[in-house]
Structures are given as structure tokens and as C-alpha cells.
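The values are calculated or read from the model by the stated rules, or taken from the named source; none is laboratory data. These numbers come from a predicted model, not from an experiment. Virtual Cβ from ideal backbone geometry, glycine too; neighbours counted across all protein chains shown.
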Amino acid sequence: MSDDSQVTGSVVDHGDLNPRSTLGLLTRPQAAAVLGITTDTLRKWNVQRKGPASIKMGLRRYYNLTSIRKWVDDQEAGWGPMNER
């Protein structure tokens, strides 16, 4: 284990290493910040199946940064109304 890892019980804390961030996954607040919108808007879009695609893991929803970029590019290209998924 590297020096920045700590073992607590059976859980290994890798410091700043977050598997979701290494995969390019953002939390809803992070994705909303990237898009310049509120988390409520992003939540509504998800319910309406609009906006960038998301991934549900457990009780949380994550957004792939690559999917957000593609969705923004599609918006710019005028792909459909609100770019429904």
C-alpha cells in the first residue's frame, strides 16, 4: 500500500483516490456545476428522460463526463427537442 492509504477496520481509505472520479463520473452537484444549472433542474431532466445520460449506483446517480460533453455537443448541433435520450 502506498503512504497515502489508511486501513480502518476492513475498509481501505486511498486518500484522494475515488473510483468514481478516476472513471470520470460526477455526482449530481458536480454535473450541475459543470452544466451551469441547479441540481433540481438536473433531477427534473432525469425524471423527464432529458439531459445527459446518468448511471445509478446504489441510491446515488452519477454522470459520466464524456456523456455530458457529448450531450452538450448534441445540443449545439440542434439534435432534437431538449435532446431526449
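If the condition is being surrounded by fewer than 18 Cβ atoms within 10 Å (Cβ to Cβ) and either touching a residue at least 12 places away in the same chain (Cβ under 8 Å) or in contact with a helix residue (DSSP H, G or I) (Cβ under 9 Å, 6 or more places away or on another chain) (or both), then region 39-61 contributes T39, D40, T41, R43, Q48, R49, K50, A53, I55, M57, R60, R61. Counting only strands (runs of 3 or more DSSP E) that sit wholly inside region 1-82, those with at least 1 residues that are at pLDDT below 90 are 6-8, 11-13, 55-57.
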